[in-house]
Structures are given as structure tokens and as C-alpha cells.
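> So that we are looking at the same thing, I have put the structure below in C-alpha cells.
The values are calculated or read from the model by the stated rules, or taken from the named source; none is laboratory data. Bear in mind that the values here come from a model prediction, so they are computed numbers and not experimental data. Counting neighbours? That spans all protein chains shown, and the Cβs are built from the backbone with ideal geometry, glycine included.
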Amino acid sequence: MAADHAPPPSSPPAHEAPLRVLLPLVLPALVVGVGAGLLFLGISALSEEFQDVLWHDLPDALGIGGYSSLWIITMLTATGIAVGLVIWKVPGHAGPDPASEGLGGPPLAPMVVPGLLLASALGLAGGVSLGPENPIIACNIALAYWLGRKAAPAVPGAVWVALASAATIGALFGTPVAAALVISEALTGQPGPGSLWDRLFAPLVAAGAGAMTTQLLAEPSFDLGLPPLTDPGWGDLLAAVVIASAAAVFGLASCYLFPYVHAAFRRLRHPMVMLPLGGLVLGLLGALGGQLTLFKGLEEVKELTSSVGAWSSGELAKFAVIKLLALLVAASCGFRGGRIFPAVFIGAAFGLLAQALVPEVHPAVAVSSAVLGVLLATTRQGWISLFTGAVLASSPAMLALLCLASLPAWLIVTGRPQLELDKRGNALR
């Protein structure tokens, strides 16, 4: 027994120990990365095909305008009924209340995954103002954890969670940089062996594999085609600071309203009441806002920014307000989806509104700063907000402006309610 407590006679040198720990994780990280990317692409392709059927083929066959007010109201209400049926009848009930779920989280039971994917795909195809990120990350975590614990029970469960989270974020954004920023932010202040890069090694491999999978098969792009900012000046810095701060205040409005709207829908209790009513409200909002305020918002934001100067300030204000309300209702009534992509549309509309009111503001400064502010308010993810704002502008000169603009915007949002609730329905801060 004494030998059991003695140090191993042939302990590896300190500089070799990380190598022996990290190398065996490369293959699992690659497998998780590719699998996460394929699941994301599969659900995206399925929802896009179904979207074409619902919004083009079917109304054409019926001789109805695909984006007429009547069709928008009908389709969103029908989507609420369909998702309500999934949540009510499918095993696992499509997971927990999404209002209390952020990016990632503890692994769900495998039986939840089919219902959650189905509810998410129906919402994406039906025009609900939510993105795919939260359900896809949750499903990839559940599958990676379940399969990983069976294939390699010696590997800690937290490793599979980190690999799946990083892989999915890499797949969603088409680059591992976003995943590295999110994971490093999550690791801040957490004790653990090795350096930060040792702990990031395997998640970065998974994120790179996920990103390459989507790049090779789908070639995603977040470039909005805005004119690049080549020579920033003091006026650009002032505009970035003011717009980011104003957008943060605008985004915070949804955070303050969220607990009350969520509580109102929760009083209805049954998903076959909450979801159809929520779909009807979304349909009315969509009929008022038009086609651009539907769906997750990524393709719509590209259309919005492709004609800078063509939209009136009134139209842009309408887009921003209606999309904010649509995100608030969709997240409150039980639709499964994420908040990042709709928040990008809200920020882009808000930024173009600022640019329409003050034409001297550079469009890239206006859009990137406003997206930064809205994302800081709604996600409280500093790095991902900076990254998204910089990527949308596709201009290296914007990065310094956004870093400085994020400081007053962060002071506005920190300690305020988040667009996420605890299990009792109270806003997180």
C-alpha cells in the first residue's frame, strides 16, 4: 500500500507532461469539430429548403403573395402551432425554457435532441426572429458528451462540453477566432492546470475543424459589403462612441422588458396556447415591419446594408423597433433559438438610422458600432460583440475604434438586467 502513495518512479519532465495530455485530445477534437459543423450545416440546409417551400412554392401554388400581410400572419401563427405541438408531444419537450438558457450550459439528455432540433428548424423556416446558435450548441454538447463518455470514459465530461461549444461557435462564424474569444472569456478566473493556451488547445482544434467544415461546404460570409474605413479620424471615434452607447441603451430596453413579457406568456401555461399566440403576435409585427424583419436576420441584414442611403430614417427606425419587439416576443413565448443573429440586424438598422440622421458618419462606423452596442446589451459577451462588429465592417481600421467605443457602452450595460432569466423568471445581472 505504501507504494501506492509514492511518486511515480518515471515521472515525465514538466515540459513533456502537457504534450502527453494534449496530443491524445487532437483526434477527438477533430471528430467533434467536423460533427458539429455537419450538424449545423444539415439543420441550416433543411430549414432553408423548408423555408423556400413555405414562403415561395406554397404561396405561388395558391396564387398568394409570399410576403403579403395575410400570409405572414398565417405562417407565423402556423409555426407557433407546429412548434407548440413539438414542445407538447415530442419526448424531452424540446429542452428547458430557452429564456433561462444562454450559450452552452450543462449537457441535455440525448432524448431531448431530436425535439430541440425539430423545433429550431421549424422556427427558422417559419420566419421566427431567432437564430440557430443556442439550440445547435446545446444539441452538439448533448451528443458530444453522450458519445464521448461512451467512447472514452476516462476523458472528463467538461472536455466534451468545451469541445462541442468551441466547435459549434467556430462552425457558426466560419472561423475559430470567435470560439477562442468566447472560451478564453469563460476560462477567466477559473483555476486549472497548465497555461491558458494549454487549456485552449483542444477547443481551438475543434473550433478550427468546425470552421473549416462550414468553409469548405458552405463558404459563409459576414461581410456586408460596406465601404471600408481606411483613414479613421477623431470624428469617427466620436461617432463610434456615441452610436455604440446609444445602441447599448436601445438594446437594454429589451432586457428590462424581458421578465414582464416572459411572465405574461408563462401565465398561459400550456405550449399550445403560448406558442400560437406568440406566433400570431410575431405575424402581426412581421406584417407591420415587412419581409426584412422576419427570420434570423443574417441574410436580411445584408439586404438592408446593400442599399445605404436608400432607406428613410422612419423606415430604419421601424425596422429596429419591430425586430427588437419580435426578438423579445420570440424569446419569451417559448420558441427555440438564439439571440445573436437578430441582435445583429437590430444593431445594423440602428446604425443605419444614425447614419441617415447624420450623413457625415461613415456607414461602417455606424453599423459596426451599433451592432457592438446592441450585442453588449443583449448578450453581455464582450469579446464576441467586438469580434462581430469588426467582422461585419471587414475593415482592420475599425478594430481600434470599436475597442474604445466598447468602454463607455460596457459601463452602460454592466450590472444591468440581461436578456436571460433565472429559473424563477428574474432577470440575470
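> What residue, of 97, 57, is of a type in the set (Asp, Glu) and in contact with a strand residue (DSSP E or B) (Cβ under 9 Å, 6 or more places away or on another chain)?
Just one listed residue meets the conditions, 97.
> Can you tell me which of 103, 27, 19 is modelled with pLDDT under 90, among the hydrophobic types (A, V, I, L, M, F, W, C) and crowded, with 17+ Cβ neighbours inside 10 Å?
The match here is 103.
> Continuing with this model, one more query. Within the range 30-62, which residues are closer than 16 Å to residue 212 by Cβ, over 17 Å from the mean Cα position of the chain (by Cα) and surrounded by 17 or more Cβ atoms within 10 Å (Cβ to Cβ)?
30, 31, 32, 33, 34, 35
> A further question on this structure: Out of curiosity, is residue 123 under 17 Å from residue 40 (Cα atoms), outside any helix (DSSP H, G or I) and under 18 Å from the mean Cα position of the chain (by Cα)?
In short, no.
> Next question. Name the pairs whose Cβ atoms lie under 9 Å apart, with the first residue in the range 298-309 and surrounded by 13 or more Cβ atoms within 10 Å (Cβ to Cβ), the second at pLDDT 85 or above and of a type in the set (Val, Ile, Thr), and 6 or more positions between them or separate chains?
Here the result reads 298/344; 300/293; 301/344; 301/367; 301/371; 305/367; 308/367, each pair linking the range 298-309 to a residue that is at pLDDT 85 or above and of a type in the set (Val, Ile, Thr).
> All but one of (1) buried (at least 17 other Cβ atoms within 10 Å of the Cβ); (2) in contact with a Ser or Thr (Cβ under 9 Å, 6 or more places away or on another chain); (3) more than 21 Å from residue 330 (Cα to Cα) hold for residue 408; state the number of the condition that does not hold.
The failed condition is (1).
> Is it the case that residue 155 is surrounded by fewer than 22 Cβ atoms within 10 Å (Cβ to Cβ), among the β-branched types (Val, Ile, Thr) and closer than 26 Å to residue 32 by Cα?
Yes: the conditions hold for residue 155.
> Out of the residues in the range 219-239 that are closer than 24 Å to residue 39 by Cα and within 18 Å of the chain's Cα centre (by Cα), state the one that is surrounded by the most Cβ atoms within 10 Å (Cβ to Cβ).
For the range 219-239, the residue satisfying everything is 222.
> Kindly evaluate residue 115 against the criterion of being free of Cβ contacts under 8 Å to residues at least 60 places away in the same chain and at positive phi.
Here the answer is no, as residue 115 does not meet what is asked.
> Any residue that is of a type in the set (Lys, Arg) and more than 19 Å from residue 180 (Cα to Cα) - is there at least one of those in the range 405-418?
There is at least one residue in the range 405-418 that is of a type in the set (Lys, Arg) and more than 19 Å from residue 180 (Cα to Cα).
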